[in-house]
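What follows is calculated from the coordinates using simple rules that are stated; it is not laboratory data. These numbers were taken from a predicted model, which means no experiment stands behind them. All Cβ positions, even for glycine, are placed from backbone atoms using ideal geometry, and neighbour counts span all protein chains on display.
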Amino acid sequence: MKWMSFCLLIIGLTGCYETRERYGGSSISPISTNDVFEVTCPSLTAGEVVITGGVFSPSTETILQYDVVKWNNTDTVSHTVTSGTTSARSDVFDIVLSPGQQRCLRFLRTRNYPYFDSLYTEIRGEISVR
């Protein structure tokens, strides 16, 4: 088997990959096990979650694979967007947003991503990637 590594940048999607040629074909898989990446917020995103009045709004967002979701903290206190549940963090993402701050994540894998605010654990949401 022949292994080759390469990095690519396509329409804002970055990542390093390995290919493995076998039987005349090749397969591509991410080197990193992380399937969510923080990106610079584009002017248009597939989803936006506003943090205000102690809630994620909307609490559930459905997007397509490779789409970007923006979290916008319009509240007067800092909040986090932490993957997993309060009883089982998943360590896929964990971002802190100060008042007035925006942060964006690109989702590469189709699945559901529950998340919560680790500072105010009653605040919860979910990203559903199709």
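Points worth noting:
- Lys, Arg +1 and Asp, Glu -1 on Cβ, resulting dipole of region 36-129 about Cα centre, debye, nearest 20: 200 debye
- Residues whose placed amide H lies under 5 Å from that of residue 120, excluding near-sequence neighbours: 80
- Convex hull volume of region 44-130 per residue (C-alpha atoms, cubic angstrom): 75 Å³
- HN-Hα J in Hz across region 101-114 - Karplus 6.51, -1.76, 1.60, θ = phi - 60°, x for Gly and Pro: 8, 10, 9, 10, 10, 9, 9, 9, 10, 7, 4, 9, 10, x
- Distant-in-sequence amide H partners of residue 50 (H built 1.01 Å from N, under 5 Å): 57, 72
- Modelled label positions at residue 130 and residue 44, each set 7 Å beyond Cα in the direction of Cβ, lie 1.9 nm from each other.
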